[in-house]
Amino acid sequence: MKVKIVDVAKEANVSVATVSRVVNNIPLVNEETRERVLKAIKKTGYKPNAIARSLKIQKTNTLGIMIPDILDPFYTWIVRGAEDVCGIYNYNIILSDTDFNPEKEKKSLNVLVEKQCDGIIYVGKNLTDEMRDRLISASCEVVLGCVPDVTGKLSGVLIDNASAAYDLTSKVIDGGHRNNIIFSDEGEPGYIVEKRLEGVQRAYKEKGLSFSDEQIYHCLPSISGGYNQMKEILEQGNVNFSNVFCFNDQMALGAIRAIEEKGFNVPEDYSVTGFNDFWISEWVTPRITTISQPMYDIGAVATRMLIKMCEKEETEMKTLYVPYEVKVRDSVKGIN
């Protein structure tokens, strides 16, 4: 039989209201009575109704996380960082996979708000004006992951994508690779793609080299996407390049596979660079030169920032850039 609050009150010889105050941490009960109630709760095995409790104290200790693709290790590491911080501060997580679909994003946001989440972390590759306005008007705290709010109304945690792409491109060019091609996301250009292209173009400009849109190839941001695009390029004889800069490591893995299937070697014949530092990038042959983006830290820092906001601690709206690292490995010829 399910134990009810009235059973605890009877065991502790107090009123139901007193048990409720103890359960909800309302400081109107003396210490002796509180201890008696806690012992009664333990003895009876009473489990407070979390929903009813949250309605009473207007707090659920639950955070919602909206991510575009749960199968992408980039996003799963963000969730892991968030979950570890939630464990420290006794918060729970509701995870929503939006599939890069604007309609699913809207639905997910509505569901998380209806579930009375204290706060929401929105993770994506781009932040549309419509979604930004919806997040700003949401009845809970919000922190962005991987993208900023250019209006400054929402806090966010990310890396400087333009600087990271600039640093890696500069190293590649200094290593002798003037003829680079880019494998970019085939979807509509968003913040991350635009910033990475900005960094590449800035590196070319500062080196006194020209860069054109003809160097950019749009493909699925996946292993198969990189594989199919590289296979098509080589079969068509478009071989006037020495390095392909893939905007994620999965595309880089696919590109390497296609190059090797055509009888070429990486990096002796063609070099390949990636982005994000997908864990397998260090364990394949050749190991992939990439930008190490601290996905776990982005999730952890965003969550700590959000919990501070939920706890009404003094915080300021800000965009926090976490450090990245250029990981020079074996997939690029001529740099060290």
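Among the candidates Tyr270, Tyr296, Tyr227, the residue that is buried (at least 23 other Cβ atoms within 10 Å of the Cβ) and touching a helix residue (DSSP H, G or I) at 6+ places or on another chain (Cβ under 8 Å) is uniquely Tyr270. Kindly indicate whether Ile78 is surrounded by fewer than 17 Cβ atoms within 10 Å (Cβ to Cβ), modelled with pLDDT of 85 or more and not charged (D, E, K, R). No; evaluated as a whole, the condition is false for this residue. Is it true that some residue in the range 129-150 is out of contact with any Lys or Arg (no Cβ under 7 Å at 6 or more places or on another chain), assigned to a strand (DSSP E or B), closer than 16 Å to Ala302 by Cα and of a type in the set (D, E, K, R)? Yes; the residues of the range 129-150 include at least one that is out of contact with any Lys or Arg (no Cβ under 7 Å at 6 or more places or on another chain), assigned to a strand (DSSP E or B), closer than 16 Å to Ala302 by Cα and of a type in the set (D, E, K, R). Of the residues making up the range 277-293, just one is open to solvent by 50 Å² or more (accessible area, probe 1.4 Å) and of a type in the set (S, T, N, Q), namely Thr285.
For the range 81-98, the set of residues classified as surrounded by 14 or more Cβ atoms within 10 Å (Cβ to Cβ) and acidic (Asp, Glu) consists of Glu83, Asp97, listed by residue number.
Tally up the residues in the range 68-94 that are over 17 Å from Cys310 (Cβ atoms) and in contact with a Lys or Arg (Cβ under 8 Å, 6 or more places away or on another chain), please. So the answer is 1. Return the residue satisfying two criteria in turn: it lies in the range 305-319 and is open to solvent by 60 Å² or more (accessible area, probe 1.4 Å) and not β-branched (Val, Ile, Thr), and of such residues it is farthest from Thr60 (Cα to Cα). Across the range 305-319, the extreme among qualifying residues is Lys318.
Just so you know, in the range 155-175 the residues that are assigned to a loop (DSSP other than H, G, I, E, B) and open to solvent by 10 Å² or more (accessible area, probe 1.4 Å) include one that is farthest from Val328 (Cα to Cα), and it is Asp160. Taking the conditions (1) surrounded by fewer than 24 Cβ atoms within 10 Å (Cβ to Cβ); (2) touching a helix residue (DSSP H, G or I) at 6+ places or on another chain (Cβ under 9 Å); (3) modelled with pLDDT of 95 or more in turn, Glu260 satisfies each one other than (2). Please state which of the following conditions Asp213 fails to meet, knowing it meets all the rest: (1) open to solvent by 30 Å² or more (accessible area, probe 1.4 Å); (2) touching a residue at least 60 places away in the same chain (Cβ under 8 Å); (3) farther than 21 Å from Ile335 by Cβ. Every condition holds for Asp213 apart from (2).
Name the residue that is most open to solvent (accessible area, probe 1.4 Å), counting only residues in the range 1-17 that are under 16 Å from Lys42 (Cβ atoms) and not hydrophobic (A, V, I, L, M, F, W, C).
The residue in question is Lys10.
Of the residues making up the range 119-139, just one is surrounded by 21 or more Cβ atoms within 10 Å (Cβ to Cβ) and either more than 28 Å from Pro221 (Cα to Cα) or free of Cβ contacts under 8 Å to residues at least 12 places away in the same chain (or both), namely Gly119. Screening Lys107 against (1) part of a helix (DSSP H, G or I); (2) closer than 15 Å to Met305 by Cα leaves a single unmet condition, (2).
The values are calculated or read from the model by the stated rules, or taken from the named source; none is laboratory data. From a predicted model like this one, the values you see are computed outputs, not experimental measurements. Virtual Cβ from ideal backbone geometry, glycine too; neighbours counted across all protein chains shown. Heavy atoms of the whole protein, side chains included, go into the accessibility calculation; ligands, DNA and RNA do not. Shrake-Rupley method; radii C 1.70, N 1.55, O 1.52, S 1.80 Å.
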